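**Q** To start, I am sharing the structure in question, which I have written as structure tokens.
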Amino acid sequence: MAFVQLYIYRIPQKRSAEFLRVARAAREVYRRHGAPGEEFFRLHHSDRKYHEIPGLWEVLPPGPEEEIWIGLDRYRSAQHCADVAAAVDRDPEILALYEKIVDLVGGAARMVHAEFEEAA
């Protein structure tokens, strides 16, 4: 069974390149401890409509001079995720990277986290 973690980041445009640099460094810490690594995507503005389904751009619109990014982590299972997280939490490098990410986005309240299990 697959397991994913999804992060949504609201990032000031002027900080997006630095955010990506720091987030990629954090991704390497996770890889050292057994995670395949996080993928990063910037929300693309599209006016394309899919019937009555609203787009994320409409539901979670970026503010002025802001971008919406997602990070997607994939794991074999919830247990694999928990094992990697425990190892990463013991790594002294990760705390400084996490604090830098929080600073770059403007606070933890500008980030959202969710976990999903593959449907059986």
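No lab work stands behind these numbers, since they all come straight from the coordinates. None of the values given here were measured: they were computed from a predicted structure. Note: ideal-geometry Cβ built from the backbone for every residue, glycine included; neighbour counts use all protein chains shown.
**Q** Kindly provide the GluC sites (Glu not before Pro) of segment 65-120 that DSSP labels as loop, not H, G, I, E or B, and whose Cβ sees at most 11 other Cβ atoms within 10 Å.
**A** Working: sites: 65, 66, 67, 93, 99, 115, 117, 118; in loops: 65, 118.
Counting only loop positions with at most 11 other Cβ atoms within 10 Å, the GluC sites (Glu not before Pro) in segment 65-120 are 65, 118.
**Q** A further question on this structure: Return 89, 83, 47, 103 ranked ascending by Cβ neighbour count within 10 Å, so the fewest neighbours appear first. Numbers along the way, then the final one.
**A** Working: 89 10, 83 16, 47 7, 103 13.
Placing the least packed residue first, the sequence is 47, 89, 103, 83.
**Q** Further question on the same structure: Filter the GluC sites (Glu not before Pro) in segment 1-53 to those in DSSP coil with at most 11 other Cβ atoms within 10 Å of their Cβ, and list the result. All intermediate terms of the calculation are to be shown ahead of the outcome.
**A** On the way: sites: 18, 28, 38, 39, 52; in loops: 38, 52.
Here the sparse-neighbourhood loop sites are 52.
**Q** Would you kindly compute the Cα radius of gyration of the chain and its largest Cα-Cα separation (Dmax), both in Å?
**A** For the chain, the Cα radius of gyration and maximum Cα-Cα distance read 15.5, 49 Å.
**Q** Between 77, 16, 46, where does the largest GNM mean-square fluctuation fall for the chain, given springs only between Cα atoms within less than 10 Å?
**A** 46
**Q** Build a GNM of the chain with springs between Cα atoms under 10 Å: which of 105, 29, 59 gets the top mean-square fluctuation?
**A** Answer for the Gaussian network model of the chain: 59.
**Q** Now a separate question. Helix 78-89: angle to the longest alpha-carbon principal axis of the chain, degrees 0 to 90, nearest 10?
**A** Here the helix axis deviates by roughly 70 degrees.
**Q** So, one more: For helix 92-105, what angle does its Cα long axis make with the longest principal axis of the chain, in degrees from 0 to 90 and rounded to 10?
**A** Here the helix axis deviates by roughly 10 degrees.
**Q** Which one of 95, 85, 53 has its Cα pushed farthest toward the positive end of the charge dipole of the chain, where Lys and Arg give +1 and Asp and Glu give -1 at the Cβ?
**A** Toward the positive end, the furthest listed residue is 95.
**Q** Could you work out the longest stretch of the chain that avoids the trypsin sites (Lys or Arg not before Pro) located in DSSP loops with at most 13 other Cβ atoms within 10 Å?
**A** Values: sites that count: 48, 49, 90.
The longest uninterrupted stretch comes out as 1-47.
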